[in-house]
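The next block holds one structure in the form of structure tokens; read it before the comments.
The values are calculated or read from the model by the stated rules, or taken from the named source; none is laboratory data. Here the structure is a predicted model, which means the values were calculated and not measured. In this analysis, Cβ positions are derived from the backbone assuming ideal geometry, glycine residues included, and neighbour counts consider all displayed protein chains. We work out accessible area using only protein heavy atoms, side chains counted, and drop any ligands, DNA or RNA first. Shrake-Rupley method; radii C 1.70, N 1.55, O 1.52, S 1.80 Å.
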Amino acid sequence: MISELPGLDRVRARFLDMLVPRHEQIAAHAVAAWDGETVEEINGNLAAAQAILHQIAGTAGSLGLVDLGAKAHACENEIIDHLKGPDADLAICPGEIIRDLDEFLQDCLAVLESSK
């Protein structure tokens, strides 16, 4: 049914076009968080990545990219849990978050490659 909705192909194409810079932004924020030395640097970059993941999660599923949307949502929640958790005031970036972001970013590349 999703593929039958009028105009959905255009929306999906726009989403995929926007996925390229979003992918790059998430990657940059992940590296900056990992390399960050202050709580503000780390948490600020994680929050920025979380906001982008939220946008992706909110749209991907409705465009038939259910797995990508679910993975974006899981990464988003993982970051939220960290930022609200007991280690939020420490200058640490959990390796699990970076690992999961890396897997998500690889999934983005696979989606982009398969859409060509």
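When GLY44 is tested against (1) surrounded by 14 or more Cβ atoms within 10 Å (Cβ to Cβ); (2) under 17 Å from MET18 (Cβ atoms), just one condition goes unmet, and that condition is (2).
Before we move on, is GLY58 more than 10 Å from the chain's Cα centre (by Cα), part of a helix (DSSP H, G or I) and modelled with pLDDT under 95? In short, yes.
Out of segment 48-91, which residues are of a type in the set (Gly, Ala, Ser), open to solvent by 40 Å² or more (accessible area, probe 1.4 Å) and farther than 21 Å from ASP107 by Cβ?
Residues of segment 48-91 of a type in the set (Gly, Ala, Ser): 48-49, 51, 57-58, 60-62, 64, 69-70, 72, 74, 85, 88, 91.
Still in the list and also open to solvent by 40 Å² or more (accessible area, probe 1.4 Å): 51, 58, 62, 64, 70, 74, 91.
Answer for segment 48-91, where residues must be of a type in the set (Gly, Ala, Ser), open to solvent by 40 Å² or more (accessible area, probe 1.4 Å) and farther than 21 Å from ASP107 by Cβ: just ALA91.
Within segment 11-41, being open to solvent by 40 Å² or more (accessible area, probe 1.4 Å) and more than 24 Å from LEU90 (Cβ to Cβ) holds for VAL11, ARG12, ALA13, ARG14, ASP17, MET18, VAL20, PRO21, GLU24, GLN25.
Of all residues in segment 77-95, which are over 14 Å from the mean Cα position of the chain (by Cα) and assigned to a helix (DSSP H, G or I)? Residues satisfying the conditions are ASP81, HIS82, LEU83, LYS84, GLY95. Pairing each residue of segment 64-85 that is farther than 13 Å from ASN43 by Cα with any residue that is of a type in the set (Phe, Trp, Tyr), provided the two are 6+ apart or on different chains, yields C-beta distances under 6 Å for LYS71/PHE104; CYS75/PHE104. Scan segment 93-107 and tell me whether some residue there is surrounded by fewer than 19 Cβ atoms within 10 Å (Cβ to Cβ), in contact with a Cys (Cβ under 8 Å, 6 or more places away or on another chain) and of a type in the set (Asp, Glu). Within segment 93-107, one or more residues are surrounded by fewer than 19 Cβ atoms within 10 Å (Cβ to Cβ), in contact with a Cys (Cβ under 8 Å, 6 or more places away or on another chain) and of a type in the set (Asp, Glu).
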